[in-house]
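Here is the structure we will look at.
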Amino acid sequence: MRTRIIAGNWKMNTTPDEASALVAEIVSSSTVQQAPLSVRIVVCPPYLSLSSAIQSSVGSHVVIGAQNCHHEEKGAYTGEVSPVVLHGMGVKYVIVGHSERRRDQFENNELVGRKAARALACGLTPIICVGETLDEREDDITTDVIGTQIRLITSAAGEDVIKGSVIAYEPVWAIGTGRAATPIQAQDVHAFIRSELHIFGAQDVPILYGGSVTDENASTLFTCRDIDGALVGGASLKASSFCAIIEAASGVHGR
Ligand code: PEP
């Protein structure tokens, strides 16, 4: 049975106190307290709010992820954050290759693969983001783009790293736009990703959908055979909408 995961990406939002309060609200909700253990709940605050989020999550079903890490353990990398330090703090997951970092920090697939490999070696589970732009979808090259991303990331990271990771399919045109992929569009790409992962025996890796997931569209997306959960941006910043998405995942039978 594949693991289901609901992960919240808080981006550059929440002070340490706000993060602590939001985690406390999520942890104390009846949805989270009753969620099956087969549904993993992850929240990813900004770096400086990780510590307070971890303290608020202790003893609960909620685990904490980071939004990025460096591809080396230590060294002359001013301003960067080591995956060793994240792991030592109690962080469990790390997002790598988010489209906002590809766009703003010019991260490419090779770097994303190296980050994933280092993160896994340091005890973190990478959540590796892939996805096409609107132009690429309109040019009908979505699967070419995503196939290339997966191959380049895998060749930099190694097949075993992909087997230990989570993939997030995040169409760039759906992130923060209020325009989610339809369940058919998302399922088509998830099935393609799973077939690519199958080539190197990683077909059981959870594949999350991300891009304008809300408490209104989550349950329909989760009925799709190859959607194993969600990476949620905006709707993860309010406990009520994030918990409603967790509830939608909790009602879906495992595959
Ligand atoms: C994201 O940033 O990963 C994301 C999916 O954002 P949103 O849910 O706001 O579209």
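Send over the semi-axes of the chain's equivalent ellipsoid, whole angstrom and largest first, taken as the square roots of 5 times the C-alpha gyration tensor eigenvalues.
Sorted largest first and rounded, they come to 25, 23, 17 Å.
Suppose all protein chains stay in the model; what accessible area per residue would a 1.4 Å probe give for the chain, in Å²?
Per-residue accessible area for the chain comes out at 44 Å².
Indicate the helices, whole DSSP H runs only, in the chain that combine a mean Kyte-Doolittle hydropathy of -1.0 or more with a Cα extent along their long axis of 15 angstrom or more.
16-28, 109-121, 142-157, 183-198, 239-250
Taking a quarter of the surface of the convex hull around the Cα atoms of the range 136-213, what do you get in nm²?
Across all orientations, the range 136-213 yields a mean hull projection of 5.0 nm².
Starting with the highest mean, order 225-237, 147-159 by the number of other Cβ atoms within 10 Å, averaged over the residues of each peptide.
Ranked by mean Cβ neighbours within 10 Å, highest first: 225-237, 147-159.
Quick query: amide H of T125 versus all other amide H atoms, modeled in the peptide plane; which residues come in under 5 Å with a sequence gap of 5 or more or a different chain?
Placed amide hydrogens put Y93, V94 under 5 Å from T125.
Which FRET efficiency value, to the nearest 0.05, is calculated for T177 and V58 with the Förster distance at 35 angstrom and r the Cβ-Cβ distance?
Taking R0 as 35 Å, the efficiency between T177 and V58 is 0.50.
Counting only protein heavy atoms, what percent of the accessible surface of the range 184-246 is carbon or sulfur at a 1.4 Å probe?
The computed percentage sits at 54.
Choose one answer from V62, V42, V145: the residue with the largest mean-square fluctuation in a GNM of the chain with alpha-carbon springs under 10 Å.
Most flexible of the set in this elastic network: V145.
To the nearest 10 Å², what's T223's accessible area with a 1.4 Å probe?
Probe radius 1.4 Å; accessible area of T223 about 100 Å².
For the chain, modelled as a Gaussian network with Cα springs under 10 Å, which listed residue fluctuates most, Y209, Y77, Y93?
Checking each option, the largest mean-square fluctuation is seen for Y77.
Go from 0 up to the bin containing the longest alpha carbon distance in the range 130-172, width 10 Å each, and give me the % of pairs per bin.
29, 48, 20, 2
How large is Rg/Rh for the range 34-82, to two decimals, with Cα atoms and a Kirkwood Rh?
1.09
Give me the one-decimal nm value for the distance between modelled label points at D188 and E138, 7 Å along each residue's Cα-to-Cβ direction.
1.7
Taking N as the number of residues in the range 173-255, what is its Cα Rg relative to 2.2 N^0.38 Å?
Relative to the rule-of-thumb radius for its length, the range 173-255 sits at 1.08.
Taking the range 59-150, how much of its Cα-Cα pair set, in percent, is spaced more than 16 angstrom apart?
57
The values are calculated or read from the model by the stated rules, or taken from the named source; none is laboratory data. Keep in mind it's a predicted model, so treat the numbers as computed, not measured. In this analysis, Cβ positions are derived from the backbone assuming ideal geometry, glycine residues included, and neighbour counts consider all displayed protein chains. Side chains included, ligands, DNA and RNA excluded: accessible areas come from the protein's heavy atoms. Shrake-Rupley method; radii C 1.70, N 1.55, O 1.52, S 1.80 Å.
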